[in-house]
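First comes the structure, then the notes that go with it.
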Amino acid sequence: RGKMKKILTIILLTFAFSQSEEIKWKTYGVGFDFHMLPSQALMLSAGEAAGGLLGVYFPFISEGGYLLEPNITYANTYEERDYEDNEGWLEDNSTSSTIWSLTLGIFKTWRSENINRYAGVRVGKMWLETDRDPGAENDVESDALMWGPVLGAEWFINENFSFGGEAMFTKISSEEESDISDDYRYTDTNQINMIIPKFIVRYYF
């Protein structure tokens, strides 16, 4: 429930910003990214190998040359292990991992002919859930803050379609508390710094 409230808050803020009378949006669209860095590397750095990422973008470009771009990424894996002829010594088990993120990019753009350059920042959160059956005590839920400066450019084939790339210096930080007993507890603090290059295809309506 808490996660859904956060998502709805970001969506509502984005919608309110896009409807602002002071900012006139001349175009909007949808885009998809393709990581030039192996997506498994990002997953392993986040703590779980959860397969490939799929990123969806929703760009809004204003008449004043500003780009507002929410982004959603999602990945899920399911692993099942069935033991045969072990006479009950080992119990079948399964593991399901889901990792996804919601970020918002705010950029200043510079347009020259059919090339649009932009610079700014992306900021958001990433959530990781791991469910193991049996053994609910081994389930994991964690979240991390993601942010970093971005440089990018896109080339317009026509008025509606563009492709290009960007590089984001990403900082991912998270804290996870664990209680072993009433008298013993600890907190794990993790921070990851990495440059993520992307190839992005956008379609403007």
Got a sec? What order do TYR74, TYR83, TYR118 fall in by accessible area at 1.4 Å, biggest, i.e. largest, first? TYR74, TYR83, TYR118
In nm, give the distance between the simple-model label positions of ARG132 and LEU151, each being 7 Å from the Cα along the Cα-to-Cβ direction. 4.3
Just subtract the alpha-carbon distance of GLU113 and PHE161 from 0.36 nm times their residue separation and send over the number in nm, one decimal. 15.9 nm
At a Förster radius of 22 Å, what calculated FRET efficiency corresponds to the Cβ-Cβ distance of VAL123 and ASN76, to the nearest 0.05? 0.40
Computed accessible area, LYS26, all protein chains, 1.4 angstrom probe, square angstrom: 130
Sticking with the crude label model, points 7 Å out along Cα→Cβ, report the distance from TYR203 to THR27 in nm, one decimal please. 1.5
Please give the length that would be gained between VAL56 and SER94 if that part of the chain were fully extended, namely 0.36 nm times their separation in residues minus their C-alpha to C-alpha distance (nm, one decimal). 10.8 nm
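The values are calculated or read from the model by the stated rules, or taken from the named source; none is laboratory data. The structure presented is a predicted model; accordingly, all values stated were derived computationally and were not measured. Glycine also receives a Cβ, built like all others from the backbone with ideal geometry; neighbour counts cover every protein chain displayed. Heavy atoms of the whole protein, side chains included, go into the accessibility calculation; ligands, DNA and RNA do not. Shrake-Rupley method; radii C 1.70, N 1.55, O 1.52, S 1.80 Å.
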